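A quick write-up on the structure given underneath.
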Amino acid sequence: MNIAARRAHDPFDPALYKPEAVSAETRAFNENLAKQLKGLPKWWENNGAPNGRVFPSLAKSPRARTVGIKGKGGHDIVLRIVAPDKPKGAYLHIHAGGLVMGSADGQDPMLERIADTTGLACVSVEYRLAPKHPYPAAWDDCEAAALWLVENVKREFGGDRLAIGGESAGATLAVPTLVRLRDRHGFTGFHAANLTYGNYDTDKTPSQKWIGENGLLLQTADIDHCSDAYAPDARKRRDPDMSALYANVKNMPPALFTVGTLDPFLDDSLFLYARWIAAGNEAELAVYPGGTHGFTIFPYPLADEANARIDAFLKREVSR
């Protein structure tokens, strides 16, 4: 059985985690990424911005439009929408960036891809960023965006199917958004959760330390700076609302957890996947040998494989 087949069959197959499971294409990509990153300043040394040599600016979608809504305390929130013809519903997308950088208009090509392959309107939320706006600002904004979508999806888009998700910080925020909707508003009507290499324990899982020590795109020091920015009170870092690993995750939608074996957040996905299942929810775990943090945003075969599975998952779940 080849690696792709073994991954689909059993994400806990030891073969997936061995060095020989990493394909030649993935090894070459990682080596090239390491060369590009060598000597570059960290985001906190670069005025809070990622280096453009590694993260080039992406074209803005001519299809995109924005909607303004009010958040907690009357705060203005912008939602960026990229929709297909005749949407069957909407996908609430929460962007990456460690809760300190990134924007709703920074990944239009991905939103276009998801809209066209799943039939869902992609609605990306411009949540407030740390350190200017630490916890719970981003959490509150995502909750407000989700509530707006629940109340307006049919009127705005025609269909009523709902999905939620994001990458890195986006996945970090997606789970507490679902929990807040359940506990504060009695709503459990999302049909799918796309959770891609999220940080589910701000107090650190083991892999955040031992993989992060030598991480490619993300290292332990990066995680520490992000955590200090959005969670300056270390005593709150295992609050279930901040760290999803400690939350009650009963009555959650089917979820797809995507992570690479070289991601410092590997344990976060492994652990929360198990808790998702133990709470009686449906879940899939997709583990990619040699995948670094952020691997799905780059144009190479491993990312293509992961993104195809994400799209298929969303399309299937909202079509049930």
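The values are calculated or read from the model by the stated rules, or taken from the named source; none is laboratory data. All figures in this text were calculated on a predicted structure; none of them were measured in a lab. Cβ: placed from backbone, ideal geometry, glycine included. Neighbour counts: every protein chain shown.
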Exercise. Is one or more of the residues making up segment 19-37 small (Gly, Ala, Ser), part of a helix (DSSP H, G or I), free of Cβ contacts under 8 Å to residues at least 40 places away in the same chain and more than 22 Å from Leu173 (Cα to Cα)?
Worked result: yes
Problem set entry | Filtered residues of segment 115-128 (kept if under 15 Å from the mean Cα position of the chain (by Cα) and surrounded by fewer than 24 Cβ atoms within 10 Å (Cβ to Cβ)) | Glu126
For this session: Identify all residues within segment 83-128 that are touching a Leu at 6+ places or on another chain (Cβ under 8 Å), over 19 Å from Asn307 (Cα atoms) and of a type in the set (Asp, Glu); write none if there are none.
Result: Glu126
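Select, from Glu20, Glu112, Glu25, the only residue that is at pLDDT 95 or above, exposed (fewer than 11 other Cβ atoms within 10 Å of the Cβ) and within 22 Å of Leu302 (Cβ to Cβ). Can you show your working first?
Numbers: Glu112 fails: exposed (fewer than 11 other Cβ atoms within 10 Å of the Cβ); Glu25 fails: exposed (fewer than 11 other Cβ atoms within 10 Å of the Cβ).
Going through Glu20, Glu112, Glu25 in turn, the sole match is Glu20.
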For this session: Considering only segment 138-149, state which residues are surrounded by fewer than 22 Cβ atoms within 10 Å (Cβ to Cβ) and free of Cβ contacts under 8 Å to residues at least 60 places away in the same chain.
Result: Leu147
For this session: Could you check Thr172 against (1) part of a helix (DSSP H, G or I); (2) hydroxyl-bearing (Ser, Thr, Tyr); (3) farther than 24 Å from Val318 by Cβ and say which number it fails?
Result: (3)
Problem set entry | Filter pass, Gly73 being closer than 21 Å to Pro131 by Cα, more than 14 Å from the chain's Cα centre (by Cα) and either polar (S, T, N, Q) or at pLDDT below 95 (or both) | yes
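Considering each of Gly280, Gly215 in turn, give the residue that is more than 20 Å from Ala174 (Cβ to Cβ) and surrounded by fewer than 23 Cβ atoms within 10 Å (Cβ to Cβ).
Numbers: Gly280 fails: more than 20 Å from Ala174 (Cβ to Cβ).
Step by step, each of Gly280, Gly215 is checked, and only Gly215 is more than 20 Å from Ala174 (Cβ to Cβ) and surrounded by fewer than 23 Cβ atoms within 10 Å (Cβ to Cβ).
What do you reckon, is Ala49 within 28 Å of Trp139 (Cα to Cα), of a type in the set (A, V, I, L, M) and modelled with pLDDT under 85? Spell out how you get there, then give the answer.
Numbers: within 28 Å of Trp139 (Cα to Cα): yes; of a type in the set (A, V, I, L, M): yes; modelled with pLDDT under 85: yes.
When the stated conditions are applied, Ala49 passes them.
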For this session: Say whether the condition of being in a strand (DSSP E or B) and at pLDDT 95 or above is met by at least one residue in segment 260-276.
Result: yes
